[in-house]
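For reference, the structure discussed in these notes is given below.
The values are calculated or read from the model by the stated rules, or taken from the named source; none is laboratory data. Worth saying up front: this structure is predicted, and the values here are computed from it rather than measured. Cβ coordinates were reconstructed from backbone atoms using ideal geometry, including for glycine residues, and neighbour counts include every protein chain displayed. Note: areas computed on protein heavy atoms with side chains; ligands, DNA, RNA excluded. Shrake-Rupley method; radii C 1.70, N 1.55, O 1.52, S 1.80 Å.
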Amino acid sequence: MNTPLAALPGGWARFNPASQARARFRRWWQGRLPLSDLMTLSQRNVYILPTRPGWMLAATLLVLLLASINYQLNLGYLLTFLLAGCAVAGMHVGHATLSGLSMRLQPPAPTFCGQVQSLEVVLDNPRKTPRHGIGLAVLDSADWVWTDVPAQGQSVLHLAFCPSQRGLHRVPVLSAETRFPLGTFRVWTIWRPAAQVLVYPRPEAAAPPLPPGQARDQAPALAAGLTRGQEYDGVRAYRRGDPMRQVVWKKAATALATGSAVLVSRDSAPAPLHELWLDHASLSALPPEARWSRLCAWVLAADTLGLHFGLRLPQREIPLGTGPAHRQQCLEALALC
């Protein structure tokens, strides 16, 4: 059975020379646009074209003009030129709605692959009159966000896009437009932000338990530290069963001199009993991207449990650690490797 071209991935666009030429022209045109997280709109980067209702209005005005000429209708001339004047005035108002507007992109936060990333864009209006009906969206997306910007004020818009691959990606091209006030003209601009967003691997949904940690004997090191007079993190109240060598006798003597019988013990931060290493080489049986997903899930699980863990990657090794900074370091390494 023959498969129609329209049913193939990409549809007719792959076999349509006009679509390919249009795509090449778009890439060339977008490549000439500057990269900037702050864009001020002016006559150089604002474009105007009639909308479908605008073309219908133009056709209607042409019919009215021909009828008025044919039948010598003075009221027909009046109606034709009145509607045409309103359309031209609407075009200038629509252009003024975007002209002079400043758009500023806030630094995007890292996200996980497959999750929706939110982009925060601030619109600044320096003029003394409000701007109405301004929309913003990712280029070629149908999810428009609309707002009005108050006079000499700001408006914040949140756009969403879903990154499909891990790594460091540039923020997608954005488009702003307005059809205010009549909807007969589309006034728009194209914006290429310079910001980049860090995308972590997608965590494995049903990851297996964490690998067993390697046992670590900490008793000799602790005893050596006690005999050498190692500095400890602090002291705590004496507990039944504490070894006598952990009692701070100087503080005990001071307490007895002041009439207090409170004993205190050294409170050191013990080293972890196990060394948990998350090794990329141990997952050689999995596909490449599945390895990163499992390591990402294990990093999140180990951080949630408060474990000391390290990460071994093909070209990098992150030593044992814990806490939010260590978790961030591991996720960044998984995203960029």
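Quick rundown of the values:
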| read-out | value |
| --- | --- |
| Search result, residues across region 54-77 that are farther than 24 Å from G94 by Cα and open to solvent by 80 Å² or more (accessible area, probe 1.4 Å) | V63, L66, I69, N70, Y71, Q72, L73, N74, L75 |
| T51 being modelled with pLDDT of 90 or more, loosely packed, with under 14 Cβ neighbours inside 10 Å and either closer than 26 Å to V187 by Cβ or charged (D, E, K, R) (or both) | no |
| Index of the failed condition, P130 passing every other in (1) surrounded by 15 or more Cβ atoms within 10 Å (Cβ to Cβ); (2) more than 17 Å from the chain's Cα centre (by Cα) | (1) |
| Exclusive hit being at pLDDT below 95, open to solvent by 80 Å² or more (accessible area, probe 1.4 Å), under 30 Å from A87 (Cα atoms) and not polar (S, T, N, Q), set R22, R32 | R22 |
| Cβ-Cβ under 6 Å pairs, at least 6 apart or on other chains, region 180-199 side farther than 20 Å from W29 by Cα, far side hydroxyl-bearing (S, T, Y) and buried (at least 21 other Cβ atoms within 10 Å of the Cβ) | F180/T97 |
| Qualifying position, being farther than 28 Å from A205 by Cβ, modelled with pLDDT under 90, basic (K, R) and not in a loop (DSSP other than H, G, I, E, B), among R240, R245 | R245 |
| V171 surrounded by 14 or more Cβ atoms within 10 Å (Cβ to Cβ), touching a residue at least 24 places away in the same chain (Cβ under 8 Å) and aliphatic (A, V, I, L, M) | yes |
| Looking only at region 141-173, and only at residues there that are in a strand (DSSP E or B) and aliphatic (A, V, I, L, M), the one that is farthest from the chain's Cα centre (by Cα) | V149 |
| Count of region 174-191 residues which are part of a strand (DSSP E or B) and either open to solvent by less than 50 Å² (accessible area, probe 1.4 Å) or at pLDDT below 95 (or both) | 11 |
| Members of region 133-168 found to be of a type in the set (S, T, N, Q) and either open to solvent by less than 70 Å² (accessible area, probe 1.4 Å) or touching a helix residue (DSSP H, G or I) at 6+ places or on another chain (Cβ under 7 Å) (or both), listed by number | S141, T147, S155 |
| Subset of region 275-315 (residues that are open to solvent by 50 Å² or more (accessible area, probe 1.4 Å) and within 18 Å of Y200 (Cα to Cα)) | P287, P288, E289, R291, T304, R312, P314, Q315 |
| Residues located in region 314-337, provided they are closer than 21 Å to L283 by Cβ and among the aliphatic types (A, V, I, L, M) | I318, L320, L331, A333, L334, A335, L336 |
| Breaking point among (1) without any contact (Cβ under 8 Å) to a residue 40 or more places away in the chain; (2) surrounded by 16 or more Cβ atoms within 10 Å (Cβ to Cβ); (3) hydroxyl-bearing (S, T, Y), for T97 | (1) |
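Let's see how each residue does on (1) out of contact with any Gly (no Cβ under 6 Å at 6 or more places or on another chain); (2) farther than 30 Å from T129 by Cβ; (3) modelled with pLDDT under 95:
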residue: S42; (1), (2), (3): yes, no, yes
residue: N45; (1), (2), (3): yes, no, yes
residue: L61; (1), (2), (3): yes, no, no
residue: N70; (1), (2), (3): yes, yes, yes
residue: L73; (1), (2), (3): yes, yes, yes
residue: T80; (1), (2), (3): yes, yes, no
residue: G85; (1), (2), (3): yes, no, no
residue: A89; (1), (2), (3): yes, no, no
residue: L101; (1), (2), (3): yes, no, no
